[in-house]
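What follows is calculated from the coordinates using simple rules that are stated; it is not laboratory data. The shown structure was predicted, so the numbers you read here are calculated from the model rather than taken from an experiment. Because the Cβ atoms are built from the backbone with ideal geometry, glycine has one as well, and the counts that use them run over all protein chains shown.
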Amino acid sequence: MKKPNQFIRNFCIIAHIDHGKSTLADRLMEHTGQVSKRDMEEQLLDSMDIERERGITIKLTPVRMFYDADDGNEYVFNLIDTPGHVDFTYEVSRSLAACEGAILIVDASQGIEAQTLANVYLALENNLEILPVINKIDLPSARPDEAKKEIEDVIGLDASYAPLVSAKDGTNIKEVLESAVKYFPPPEGDVDAPLKALIFDSYYDNYKGVILFVRLKDGKVDVGDKITTFRADKIYEVTEVGVFAPSMLPKNGLCAGEVGYIAASIKSIQDVAVGDTVINAENRAAEPLPGYKKVQSVVFCGIYPLDGSKFGDLKDALLKLQLNDASLVFEPDTSQALGFGFRCGFLGLLHMEIMQERLEREFNLDIITTAPSVSYKVIKTDSETVFVDNPSHLPPVSEIESMEEPIVHADIYSPPDYLGQIMDLCRDKRGIFEQMTYLDANRVKLEYRLPLNEIIFDFFDKIKSRTRGYASFDYEITGYEKSKLVKLDILLNGDVCDALSIIVHESSAYSRGRTLCENLKEAIPRQLFEIPVQAAVGGKIIARETVKAMRKDVLAKCYGGDITRKKKLLEKQKEGKKRMRTIGSVEVPSEVFMQILKTNDE
Amino acid sequence: MAGIYVHIPFCKQKCRYCDFTSFPDKTGFAESYMTCVYHEMAMRGEELKNYVFDTLYIGGGTPSVVDESYIAMLVAAAKKYFNMAENAEITIEMNPGTVSASKIALYKKCGINRFSVGLQTAVDSQLEDLGRCHNLSQFISCAKLLRGENFSVDVMIGLKNQSLEDIGKSIDVAAAYGASHVSMYALTPEDGTPVYTDYLNGELPDGDEVAEMYAYGVNKLKKLGFVRYEVSNFCKRGRESRHNLNYWRRGEYIGIGVSASSHIKNVRFTNTFDLDEYFKCIMTNRFPVIDSTEIDAEGRREEAAMLALRTAYGLNLAEFNAVHGCDFEKIYAEALKKNSRYLEISNGVLKIKDEFLYVQNTIICDFLK
């Protein structure tokens with residue numbers, strides 16, 4: 001048995017959104033000479049446009065650094081940047097499995113947030129050593145001692161040795177590096193044992209095929225090796241291995257303890273799954289590494305190509321996204337209104353939004369998405385139980401004995417000033433109050449039982465707007481509960497539009513129906529005839545609005561040379577029409593399908 | 001048959017809704033400009049030797065703002081450089097605030113036989129709002145000078161604070177003083193014009209109200225004996241604007257002057273919008289064309305349909321099929337079916353039904369690819 005290189009430290013960073021994770025990571029890279037200050041683009045690791053725009057990390061990104069420590073040795077640091085949002089816990093769990101340590105960043109003025117806690121517990125479950133770092137000490141509102149006390153009170157970690165840093169101006173960065181050397185354990189494993197490498201991420205490169213991001217636990221891998229995975233039956237020859245510096249840098253072989261990438265001309269995305277273990281095909285390891293907890297989708301929506309002929313492109317894009325985000329699930333679906341598309345499952349609303357945005361930006365697809373839904377348990381009169389996440393697949397009312405909906409336990413953290421607003425909101429959302437705890441003078445934890453279908457609608461936006469962004473919120477699904485649920489249909493000119501159907505609680509059907517009709521009335525352009533917009537429950541009309549017939553739509557002064565310009569105007573109008581879907585005889589722009597997400601207040 | 005359009009880009013002042021090419025502060029350039037126009041006509045005349053032109057339209061801007069002798073020379077130049085038909089229709093646009101008896105006398109003498117007068121509205125406060133430099137009484141004086149002539153009056157709807165009665169008054173005035181033709185347009189708030197601010201502030205009537213005004217105007221004109229022959233154009237029997245009809249029939253025409261457009265041998269082209277550039281080109285014997293597009297077979301069909309469906313004459317299917325060498329009803333079967341409620345075909349002519357003429361864009365769009 002040969003131990004791995006003892007001068008390697010593999011760690012990740014856990015932090016709440018906006019507590020300075022990416023900035024600290026950049027600073028560490030700068031300090032270890034990985035990149036010069038001059039060459040640094042702001043926030044190196046958040047390379048996706050969406051990440052930079054929103055100031056959040058969605059994908060994990062590994063990077064290797066060299067550090068000359070005070071003990072005279074040169075250390076290799078592998079840092080794996082992780083997302084902070086609750087929806088991306090899955091991503092976090094993947095990076096944790098590749099590390100021995102985690103830096104926990106706590107904002108010196110804000111203390112620990114709910115999402116951070118969830119990830120800290122995840123790290124503890126994975127037996128990671130945790131190094132607290134108090135950031136943003138340059139701020140006038142910084143209270144580092146209180147932050148330390150909170151770490152000790154809430155998590156039970158000794159925070160006395162926590163470095164006090166400012167990632168922004170670079171204060172005390174060296175102390176973080178020294179602490180990493182001192183507190184994080186070196187990798188375990190056996191270099192002489194058969195290869196075992198955990199795939200913690202992957203992406204598709206047009207020239208090299210699928211690139212696997214791996215953490216080697218045992219053994220070695222080099223160019224020319226024949227590899228396979230536990231789940232796959234195909235054998236691949238390794239064409240390139242390397243490390244992240246932070247861009248991919250080819251290297252001669254990877255050893256146990258190291259983090260890097262493997263390219264092996266893997267053409268098919270389906271052949272390799274994140275969480276699987278790479279092994280040597282000629283010297284197979286007996287047992288796979290523990291994979292990841294299989295995650296359950298909680299939010300579902302239909303995704304359709306705007307242009308029906310792009311179905312294949314949409315499928316390819318979803319497959320490629322799934323390659324490095326196994327939490328995305330989808331299956332083909334059809335809608336009378338929208339044609340062929342996919343029913344997709346996500347970990348949460350933000351996850352859904354991000355995926356939609358990535359489809360549009362990275363794959364240049366115009367898509368239509370339907371209202372998000374949760375998975376309902378339907379007990380039929382013949383006592384069969386089915387799960388339904390697509391309102392249009394709900395069995396006829398006569399066949400339904402009862403329905404159950406997923407319930408969550410929600411923790412809401414907020415300054416006490418906003419308690420009233422939060423409680424109002426939770427009441428509106430059918431929440432049941434469970435407990436309230438004062439964490440300190442400025443922070444209260446509210447615990448509620450809430451139906452998930454109320455949360456996926458607009459809960460997050462509302463809680464943020466009612467508390468001026470101060471409150472944070474986390475939830476976990478606790479089970480299913482019986483509920484009086486009904487299917488709300490929308491009829492356009494008398495025809496049911498399946499893509500607009502939603503499942504709602506009986507008590508809110510009337511108000512949702514009315515709001516929806518009002519919003520649709522605004523969103524549907526006037527046409528040559530009058531269009532009734534109706535909401536119905538079980539065949540009974542509960543609300544109605546009318547889109548009046550258009551009365552003026554004509555080009556002024558169509559003279560002389562104007563003709564080319566006038567024709568262009570008409571062609572532009574025609575382009576707009578092309579982007580519409582025809583439901584019965586009504587032409588509907590794709591934005592209409594998002595109206596379902598809007599509410600009238602706020 | 002073909003037309004000639006000459007653009008006179010000068011004005012006394014810019015109207016608040018105007019986005020045409022006009023230079024209110026550059027009337028001093030009129031002489032140089034007109035010289036260039038004659039020269040451009042000479043160049044084009046050489047090129048279009050085989051054409052017979054049966055209309056000449058002098059538009060703007062405000063053609064009546066430049067000295068009438070330039071206009072007389074312009075008409076003379078047109079007759080000299082182009083083959084003008086004996087009975088050619090020669091129209092000039094006029095602002096009622098810029099005419100005089102001697103001016104109109106010279107226009108008539110040089111051969112102008114049709115006049116287009118920009119009344120816009122008979123309500124002085126609304127004229128002021130539009131930034132027009134004339135009032136109702138000036139229009140009346142002008143119309144009196146035109147007594148017995150073939151003249152058209154422009155009337156606008158969709159103005160700030162405009163009532164149906166105001167529209168009725170404008171039409172009544174035009175009819176009472178002997179107009180043989182009325183063009184009734186809705187004010188279009190173009191981005192970049194002062195009127196656009198009124199629009200943004202919600203001071204202009206909305207689409208429904210304008211539709212109401214239009215319906216009112218159509219009815220009023222009908223009662224006064226004006227027949228609608230195009231969505232915005234009305235005339236007494238036989239008094240259609242031949243020049244404009246040529247546009248809607250996809251006829252050929254040559255545009256002279258800054259910003260003028262042409263359609264010759266299935267190529268549509270446009271002159272520069274820049275006055276200096278125009279001078280420079282003409283003085284170096286170059287055509288000032290900045291944009292030229294050859295219209296392919298499909299484009300020709302689409303244009304023909306789009307233009308013909310604007311008119312009350314509609315689209316003659318047999319004629320269309322002969323010109324374009326295709327079967328209209330086959331090519332546009334889908335559009336015809338989809339819009340069957342709004343269209344009618346009788347005696348081989350396809351028309352948009354009267355009541356849908358004012359919402360024609362939506363229908364016409366379906367005939368574009």
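Things worth noting here:
- In terms of surrounding Cβ atoms within a 10 Å radius of their Cβ, A:588, A:374 rank from fewest to most as A:374, A:588.
- Normalised Debye scattering of segment B:313-367 at q = 0.15 Å⁻¹ gives log10 I(q)/I(0) of -0.40, counting only Cα atoms as equal scatterers and leaving out solvent.
- Cross-link reach list, aspartates and glutamates versus residue A:226, counting only Cα pairs under 14 Å and skipping chain neighbours closer than eight places: A:237, A:240, A:282
- Excluding exposed DSSP-loop chymotrypsin sites (Phe, Trp or Tyr not before Pro) (at most 14 other C-beta within 10 Å), longest clean stretch of chain A: A:208-528
- Here the sum of -39500 (n - 2.57) over DSSP H runs of 4 or more residues, divided by the residues of chain A, equals -7500 deg cm²/dmol at 222 nm, to the nearest 500.
- If you run the Gaussian network model on chain B, springs between alpha carbon atoms under 10 Å, then out of B:178, B:97, B:238 the most flexible one is B:238.
- Averaged over peptide A:570-582, the number of partner chain Cβ atoms lying within 10 Å of each residue's Cβ comes to 3.
- Percent RCO, i.e. relative contact order, over segment B:2-247, from Cα pairs under 8 Å lying at least 6 residues apart: 18
- Across segment B:313-367, the relative contact order, built from alpha-carbon pairs under 8 Å that are at least six residues apart, equals 39 percent.
- For the residues B:54, B:172, B:191, a GNM of chain B with alpha-carbon springs under 10 Å puts the largest fluctuation on B:191.
- Estimated FRET transfer efficiency (residue B:105, residue B:340; beta-carbon r; R0 35 Å; 0.05): 0.05
- For chain B, B:11, B:36, B:110, B:133, B:142, B:235, B:281, B:326, B:365 stand unpaired, since no other cysteine beta carbon lies under 4.7 Å from theirs.
- A straight Cα-to-Cα reach below 17 Å connects residue B:265 with the lysines B:49, residues fewer than 8 places away in its own chain not being considered.
- Which listed pairs, of A:429/A:464; A:462/A:548; A:310/A:578; A:429/A:482, have C-alpha distances above 21 Å, in listed order: A:462/A:548
- Checking every one of the trypsin sites (Lys or Arg not before Pro) in segment A:281-369 against DSSP loop status and a limit of 14 other Cβ atoms within 10 Å picks out A:284, A:293, A:294.
- Residue of B:46, B:252, B:93 that the Gaussian network model of chain B assigns the largest fluctuation, springs spanning Cα pairs under 10 Å: B:46
- Distant-in-sequence amide H partners of residue A:10 (H built 1.01 Å from N, under 5 Å): A:78, A:100, A:101
- Largest first, the extents of the alpha carbon coordinates of segment A:429-545 on the three principal axes equal 62, 33, 18 Å.
- Whole-Hz ³J(HN,Hα) from phi, Karplus 6.51 cos²θ - 1.76 cosθ + 1.60, for segment A:135-145, glycine and proline x: 9, 6, 6, 6, 6, x, 7, 5, 10, x, 5
- Cα→Cβ-extended label distance, 7 Å offset, between residue A:386 and residue B:125, nm: 6.8
- Nitroxide proxy distance, nm - points 7 Å out along Cα→Cβ at residue A:442 and residue A:401: 5.4
- Per residue of peptide A:21-32, the mean number of Cβ atoms on other chains within 10 Å of the residue Cβ is 0.
- Cβ-defined net charge surrounding residue B:300, 13 Å radius [Lys, Arg +1; Asp, Glu -1]: +1
- Value of [θ]222 nm, deg cm²/dmol, for chain B, DSSP H segments ≥ 4, -39500 (n - 2.57) each, nearest 500: -11500 deg cm²/dmol
- The convex hull around the C-alpha trace of chain B, projected and averaged over every direction, spans 18.2 square nanometres.
- Distance between the pseudo-spin-label points of residue B:83 and residue A:5 (7 Å out from Cα toward the beta carbon): 9.0 nm.
- Loop-located GluC sites (Glu not before Pro) in segment A:294-401 (DSSP state not H, G, I, E or B) with no more than 14 neighbouring Cβ atoms inside 10 Å: A:384.
- For the residues of B:203-215, the average number of beta carbons from a partner chain within 10 Å of their own beta carbon is 2.
- Separation of alpha-carbon centers, segment A:377-407 and segment B:91-162, rounded to whole Å: 74
- Over chain A, equivalent-ellipsoid semi-axes from the Cα gyration tensor in Å: 46, 30, 25
- For residue B:255, residues with placed amide H under 5 Å, excluding near neighbours: B:5, B:262, B:263
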